[in-house]
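Okay, structure first, notes after.
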Amino acid sequence: MPNSTPSEGTAAPRLLDVLRDKIRVRHYSLRTEQQYVNWVRRFLRFHPQRHPREMGAAEVTAFLTNLAVAGGVSASTQNQALSALLFLYRDVLEINLPWLDEVVRAKQPGRLPLVLSKSEVAAVLRLANGLYALQLRLLYGTGMRLMECMRLRVKDVDFAMQEIIVRDGKGAKDRVTMLPQSVVEPLQAHLQSRRALYEADLAAGMADVYLPDALARKYPNAAKEWGWQYVFVTTGYVRDPRSGAVRRHHQDEKLLQRAMKRAVQAAGLAKPATPHTLRHSFATHLLQAGYDIRTIQELLGHKDVATTMIYTHVLNKGGRGVSSPLDELVP
């Protein structure tokens, strides 16, 4: 990629605004919006003073190749950039060009998920501090993704049924997972302090919370209700990047990622475990306990059971259960 950062041109800001509007109409997440805007901006800077309508397969391929060769990005990152450009041409510029289907996606390596043993999970959870310990226990005990935990609402924790409803998960799907009995008491204690914070916000006129899918217009008072509040929130008020409203948002996921890293290091583990590793460990340990693969698929929210099948590698110890000939040698 060129060392300089050329101007995106006078048409670029308007193009990016249209891009944002198209993304929001489709109710894509803020993270997806930020990533797509970033990739389109980088594409425009890579081909300065040229409008996307004037470019084709050669320019897109050159950009993606530069990412891989000069930028050294992973296959998944390269494919994310391609997805952003496909969205630009098809949904923003409304150009359905045949060459778009001919651009080859980078082949992603088939890697097995990193999994912690039960003793390693116990060590990490034991060494995590305060609220982070509760959050990590929830991730391992429910199989939730990191952002699903961060975006958890009060109304979706059902103590009577001992379940958690995961709303708008990957693929915009809802699902139900269990509420571990061992986290009920600490979670209830946390919600008591969270309720006190909510009451203070309500008294200060700052209890509004972000509502998805235009629910704020349909139910004007819902944004101030206790049930819609995030379970885990910021310590102060922050500005909503889309609406500009100043209010309390859900906790920054980076804080939990750092807490997990500290706990892993304190436990002396060589494995580069992250909060998502706890989700992998959840699925793996359920398989080892003999639970049905379809049940685990539903708990994880996988669309295809083939995705869940990746965890079955743990049932084939060594090379698919084959004993090494070394162990058969007579001393």
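Every number here is computed from the coordinates shown, using simple stated rules; none is lab data. Source: prediction; values computed, not measured. Here the Cβ is made from the backbone with ideal geometry for all residues, glycine too, and neighbour counts use every protein chain on show.
Some notes on this structure:
- Calculated FRET efficiency for the pair residue 202/residue 266, C-beta based, R₀ 35 Å, to 0.05: 0.35
- Here's the picture: charge each Lys and Arg Cβ at +1 and each Asp and Glu Cβ at -1 in the chain, and of 136, 312, 244 the one pushed furthest to the positive end of that dipole is 244.
- Two-decimal Rg/Rh across segment 118-314, once Rg and the Kirkwood Rh are taken from alpha-carbon atoms: 0.98
- Lysine pair number, Cα distance threshold 20 Å (strictly under), the chain, separation 8 or more or different chains: 14
- Using a Förster distance of 35 Å, the FRET efficiency for residue 221-residue 68 (Cβ separation, nearest 0.05): 0.10
- Spin-label model, residue 243/residue 14: points 7 Å from Cα along the beta carbon direction are separated by 3.0 nm.
- Distance from the Cα centroid of segment 127-145 to that of segment 198-228 is 26 Å (rounded to whole angstrom).
- Candidates 219, 230, 36, ranked by Gaussian network fluctuation over the chain, Cα under 10 Å, top entry: 219
- Here the chain is treated with +1 on each Lys and Arg Cβ and -1 on each Asp and Glu Cβ, and its dipole about the Cα centre works out to around 480 debye.
- Using distinct alpha-carbon pairs, which all enter the 1/r mean, Kirkwood radius of the chain in Å: 23.0 Å
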